[in-house]
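The next block holds one structure in the form of structure tokens; read it before the comments.
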Amino acid sequence: MFSRKPFRFTRKLAFKLTLWYAGIFSISCFCALIVFYLATASVINRRTDLEILKDAKEFSSVYITKGISGVKAAMLIELESEGAGNMFLHLVDSKGEEFTIPSLSSWGDPDMGRSSINRVRGGAARFFETLVAPGRPYPFRVLTSSIAPGVIIQIGQSLEDDERLMRACREVLSITLGLIALLSALGGFLFARRALAGVGEVTKTAKEISKGAFERRVEVKGRGEEIDTLAETFNRMVEQIETLIRGMREMTDNIAHDLKSPITRIRGVAEITLTGGNLPKEFEFMSGSIVEECDRLLVMINAMLDISEAEAGVAKLAIEEVDMAQVVRDACDLFQPVAENNQVQVIQRLAEVATISGDKMKIQRAMSNLLDNALKYTPPGGTITASVQVEPDQVILSVSDTGSGISDRDLPHIFDRFFRGDRSRSLPGTGLGLNLTLAIARAHSGDVKVASVPGQGSTFTMTLPRTPHLH
Ligand code: ADP
């Protein structure tokens, strides 16, 4: 069977990055080398043309001083110095007589360059062309030029040296390009591996965490901003998950603990009744106690359900126009009989209208929790002040009391689930009210803060924006 491993490697990001890096770098170098090669070829061609042109000028000077015979002698000297295989010279005098060395038939084509001669004869000053002689491996650069009226010289020079030079140049450039491709692939691979090392470490840590090692974190090494940001974000995410899991564990412990007491009590009452005299009065007492304990359990379970719904955020809110002043007014009216019973005065300081977009039922619930606490922890003769202030983009609701206040030890924990202050344990409650109030405020993109002086009272401030932000 075929192994799938090699194909998996080609799907790796490091491989793709290497390929891109090496590809782009090699193509850029290839383009640069091509430009260099073409420039070199153009310089070499120009140099050859200039050399041939210089020869033609020299023949022209010889013609002026020594006439046609002088030119023929100079042609023989030139051919001897260049070598018969590298050059041909062709002279046509004013009478149409031709002198060619070496004979063009030895080049395989006696009419080579004939059309150019006709062209110059027809009036063109000079004419350059590149010709290929049959059976010769290298082409020729041929100049046809008039050196005196009616006298035409044709100088053909082999491009063998130029071609050899360009071939050597091509070979060097090909080797250079191959080395560049190899080195850029190697560099690209090392670069990609280094860049992705952080990603690999995040993956490794994620695997370890998935096996239960929640204390593991990715080391932030300063490899590059993106990788460091990824590592930091990942660590933050793991910390949040860890906090969440710890919170859930604590909550489960607390729930178990808080359910245990009423259930134990229910069981105790039932057991005593069963082992007792089975009098109707005992059964009546048992039923009453069980109903009471079940009510306490229901209050707690409902509060927990409300918290989890509020923590689902803005999506679970039934948004409508809510007049916060009216909410406070209604809550104060509702608690007025309790306040009178406790001999506590409730003062309202309300803005005329304080409208926000929010979930009316939930805001009413939050307000009731604050007012309920204030009444619970304020002794007779105390005062509770409920106020609503309006700001351009938010509404601030506060409930102050002149009650027991909160100790510095308890203050950081009062919003925790199931937290109850030491002095509150004798009073009814679940330790969930403030947590629910905070969850409701946060679902509305708001917040709840507390300021308290033990023995003097507390002020709870709930800030709600006019419109909750969509997360
Ligand atoms: P509960 O009132 O059921 O105990 P809460 O979540 O409403 O639970 O409050 C948590 C704790 O915060 C209370 O047990 C109490 O110690 C403290 N607390 C809350 N409101 C006040 C207040 N107005 N004055 C003094 N203590 C308060």
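Of the listed peptides 94-101, 124-131, 327-334, what is their order by residue-averaged count of other C-beta atoms within 10 Å, with the highest listed first? List each step's numbers first, then the result.
On the way: 94-101: 12.5, 124-131: 14.0, 327-334: 18.2.
So the order, starting with the most tightly packed, is 327-334, 124-131, 94-101.
Among 27-38, 436-447, what's the highest-first ranking by average C-beta atoms within 10 angstrom per residue?
Ranked by mean Cβ neighbours within 10 Å, highest first: 436-447, 27-38.
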> Which lysines does Lys281 reach when only Cα atoms under 30 Å apart count, and residues fewer than 8 places away in its own chain are ignored?
Replying inline: Lys260
> Cα to Cα, under 26 Å, and not fewer than 8 places away if on the same chain: which lysines meet these conditions relative to Lys362?
Replying inline: Lys316, Lys376, Lys449
> Okay, which of segment 72-103 sit inside 19 Å, backbone N to the point 7 Å along the Cα-Cβ direction of Ile64?
Replying inline: 72-75, 94
>> If each residue of separation counts as 0.36 nm, what is the full-extension length gain between Met251 and Ser308 once their alpha-carbon separation is subtracted?
In response: 19.3 nm
>> Out of the trypsin sites (Lys or Arg not before Pro) in segment 139-171, which ones are loop residues according to DSSP with at most 10 other C-beta atoms within 10 Å?
In response: none
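Given C-alpha coordinates of the chain, what is the ratio Rg to Rh with the Kirkwood estimate of Rh? Show your work: numbers first, answer last.
Details: Rg = 50.4 Å, Rh = 33.1 Å.
Taking Rg over the Kirkwood Rh, I get 1.52.
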>> If you filter segment 179-274 for chymotrypsin sites (Phe, Trp or Tyr not before Pro), then keep DSSP loop positions with at most 16 other Cβ within 10 Å, what is left?
In response: Phe214
> Once label points are set 7 Å from the Cα along Cα→Cβ at both Glu340 and Glu98, what is their separation, rounded to one decimal in nm?
Replying inline: 13.8 nm
> DSSP loop GluC sites (Glu not before Pro) in segment 211-270 with at most 15 other Cβ atoms within 10 Å of their Cβ, which ones?
Replying inline: Glu215, Glu219
> Which distance in Å, rounded to a whole number, links the C-alpha centroids of segment 407-471 and segment 70-121?
Replying inline: 111 Å
> Where a Cα-Cα gap under 30 Å defines reach, which lysines qualify for Lys54, not counting those fewer than 8 residues away within the same chain?
Replying inline: Lys66, Lys72, Lys95
> When the chain is fully extended, how far beyond the present Cα-Cα distance does Asp408 get from Thr355, taking 0.36 nm per residue of separation?
Replying inline: 15.6 nm
> Between Leu53 and Ser81, what length in nm is gained on full extension when 0.36 nm per residue of separation is reduced by their alpha carbon distance?
Replying inline: 8.4 nm
> With each pseudo-label sitting 7 Å past Cα toward Cβ, what's the Arg114-Glu160 distance in nm, one decimal?
Replying inline: 2.7 nm
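Read the figures in this text as sums done on the coordinates, not as results from a lab. None of the values given here were measured: they were computed from a predicted structure. All Cβ positions, glycine included, derive from the backbone under ideal geometry; neighbour counts span all protein chains shown.
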